[in-house]
Amino acid sequence: MTTETQEEPLEGSPVLPSAPAKMSWREKRYQRRRRRVWLEEILGWILVPVIVIACYWVLNMTLTAVGTSPGAIVDGVKAVIDSL
């Protein structure tokens with residue numbers, strides 16, 4: 001913020017640096033790590049549900065190909081447990 005007669009910034013106004021400071025190797029490493037953590041978090045929220053649904057689908061298709069169903073297997077396990 002300047003006045004018409006004064007070219008330099010007024011007192012109390014923030015002075016912005018003309019060029020950004022060069023980052024050290026530790027700051028660069030921290031920034032890369034932070035980006036990787038965010039990427040892994042996003043991929044986790046996307047891939048975990050896809051993997052769970054795919055596993056259920058594969059299990060269901062396998063049981064159908066064998067000629068049974070998850071309900072029949074549960075009933076069979078209950079019958080075995082009851083007979084013990």
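Comparison of 42, 53 shows that the only residue that is under 35 Å from the mean Cα position of the chain (by Cα), of a type in the set (A, V, I, L, M) and modelled with pLDDT of 95 or more is 53.
Of all residues in segment 1-36, those being of a type outside the set (D, E, K, R), modelled with pLDDT of 75 or more and surrounded by 10 or more Cβ atoms within 10 Å (Cβ to Cβ) number 3. The residue pairs whose first member lies in segment 59-77 and is of a type in the set (A, V, I, L, M, F, W, C), whose second member is at pLDDT below 95 and part of a helix (DSSP H, G or I), and whose beta carbons are closer than 6 Å, counting only pairs six or more residues apart or on different chains, do not exist in this structure.
The values are calculated or read from the model by the stated rules, or taken from the named source; none is laboratory data. Because the structure is a prediction, the values reported are computed rather than measured. With ideal geometry, Cβ positions are generated from the backbone for all residues, glycine too; neighbour counts draw on all protein chains shown.
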